[in-house]
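Asker: Let me give you the structure first, and then I'll get to my questions.
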Amino acid sequence: MHQAPTQLITERLILRRPSLADAAAIYEFGRDSEVARYMDWPRHKDIQDSIEALESFAAEWESGSEFCWAITTKTENTAMGTIACRIESPRADFGYVLNRRYWGQGFATEAVRAVMSWVMSLPEIDRIWATCDTENLASARVLEKAGLQREGTLPRSTIRPNLSSTPRDTFIFAKVRDPV
């Protein structure tokens, strides 16, 4: 089982383990229909949904099945989003969400790069990957700016419950370790 760092620090951000104190901030973006639009989880209907998500993040961290960090700025300890990864050697995948008040400022790219850097420092990991809906061009751009390559499209692969109950086409992006 892997042990993830409880904090990842970048130029502007601190990625830290979320806590129940983050429930209001998580609810703010989790209920936003624009933020949740392309997510693979349903939009939060009330604060209890956010509390349950936070409890799930803690349980998954403890089991080692998924590591989730709250994305905060160095000047504010408020969760502006989350980023999570799952490690299944020799690969890992990740996903993120960001409060729309922080869109377009490079925070998502900075958070993705921090998680990618840690994951790719693990000697047993050769591939890190992420997906996004084919209509989510802003997220596709974040993944490209972070250094992932778009490998293709997975037809009808992911249900986006805030858009449709029918599986939607998804881009897959990845970065692979250079051969030794």
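The values are calculated or read from the model by the stated rules, or taken from the named source; none is laboratory data. Bear in mind that the values here come from a model prediction, so they are computed numbers and not experimental data. Note that each Cβ is placed from the backbone with ideal geometry, even for glycine, and that neighbours are counted across all protein chains shown.
Asker: Mind checking whether some residue in region 93-102 is on the phi < 0 side of the Ramachandran plot, part of a loop (DSSP other than H, G, I, E, B) and in contact with a Gly (Cβ under 8 Å, 6 or more places away or on another chain)?
Answerer: yes
Asker: What pairs can you find where one residue is in region 116-134 and closer than 17 Å to Ala84 by Cβ and of a type in the set (Asp, Glu), the other is buried (at least 20 other Cβ atoms within 10 Å of the Cβ) and modelled with pLDDT of 95 or more, and their Cβ atoms are less than 6 Å apart, with a gap of 6+ or different chains?
Answerer: From region 116-134, no pairs qualify.
Asker: In addition: Out of all the residues in region 37-56, is one or more farther than 19 Å from Arg141 by Cα, of a type in the set (S, T, N, Q) and surrounded by 19 or more Cβ atoms within 10 Å (Cβ to Cβ)?
Answerer: Looking through region 37-56, at least one residue is farther than 19 Å from Arg141 by Cα, of a type in the set (S, T, N, Q) and surrounded by 19 or more Cβ atoms within 10 Å (Cβ to Cβ).
Asker: While we're here: Could you list, in sequence order, the residues of region 13-40 that are part of a loop (DSSP other than H, G, I, E, B), over 14 Å from Ile83 (Cβ atoms), touching a strand residue (DSSP E or B) at 6+ places or on another chain (Cβ under 9 Å) and touching a residue at least 60 places away in the same chain (Cβ under 8 Å)?
Answerer: Result: Arg37, Tyr38, Asp40.
Asker: Across region 60-81, which residue is nearest to Ala36 (Cα to Cα) among those that are touching a helix residue (DSSP H, G or I) at 6+ places or on another chain (Cβ under 7 Å) and surrounded by 18 or more Cβ atoms within 10 Å (Cβ to Cβ)?
Answerer: The residue in question is Gly81.
Asker: Follow-up. Of the conditions (1) assigned to a loop (DSSP other than H, G, I, E, B); (2) over 23 Å from Thr170 (Cβ atoms); (3) without any contact (Cβ under 8 Å) to a residue 24 or more places away in the chain, Ser65 fails just one. Which one is it?
Answerer: (2)
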